Amino acid sequence: MIPANRMKAGREHKVLLTNDALAILTAMKPLKTDEGSDLVFPGPTGALMSDMAINKTLHAILPDLTVHGFRGSLRQ
């Protein structure tokens, strides 16, 4: 759920996740090093990954894709 105060329309928004997305979240949970963080894929310092780090990683996996909107799609 995205709280109303974070939505332009001012009302709560429910985001449905696929089974694959839930499997990734479940697999990542034991790898968390900072229990106080809500980041699924933290950068090396525990903070948000930079757009350049995400771009480099994505291009290593799928060279023809771009990161446009990628981080926003993973925000809570």
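The values are calculated or read from the model by the stated rules, or taken from the named source; none is laboratory data. Only a predicted model underlies this, so the values are computations on that prediction, with no experimental measurement involved. Heads up: the accessible areas ignore ligands, DNA and RNA and are worked out on the full protein's heavy atoms, side chains in. Shrake-Rupley method; radii C 1.70, N 1.55, O 1.52, S 1.80 Å.
List of remarks:
- Scattering curve values for the chain, log₁₀ I(q)/I(0), Debye with Cα scatterers, q = 0.13, 0.24 Å⁻¹: -0.51, -1.29
- Selected from K29, K56, K14 as most flexible by GNM, with the chain as the system and alpha-carbon contacts under 10 Å: K14
- Cross-link partners for K56 among the lysines, with Cα-Cα distance under 23 Å and sequence neighbours closer than 8 places in the same chain left out: K32.
- Taking each residue as 0.36 nm, the span from L62 to L31 lengthens on full extension beyond its C-alpha to C-alpha distance by 8.8 nm.
- The stretch between L16 and A53, if pulled fully straight at 0.36 nm per residue, gains 10.6 nm over its current Cα-Cα span.
- Å² of accessible area per residue within the chain, as computed with a 1.4 Å probe and no ligands counted: 88 Å²
- Accessible area of the chain belonging to carbon and sulfur atoms, whole % at 1.4 Å probe: 60 percent
- Heavy atoms of L22 accessible to a 1.4 Å probe, total area in Å² rounded to 10: 80 Å²
- Normalised contact order of segment 1-56, rounded percent, pairs of Cα under 8 Å and 6 or more residues apart: 17 percent
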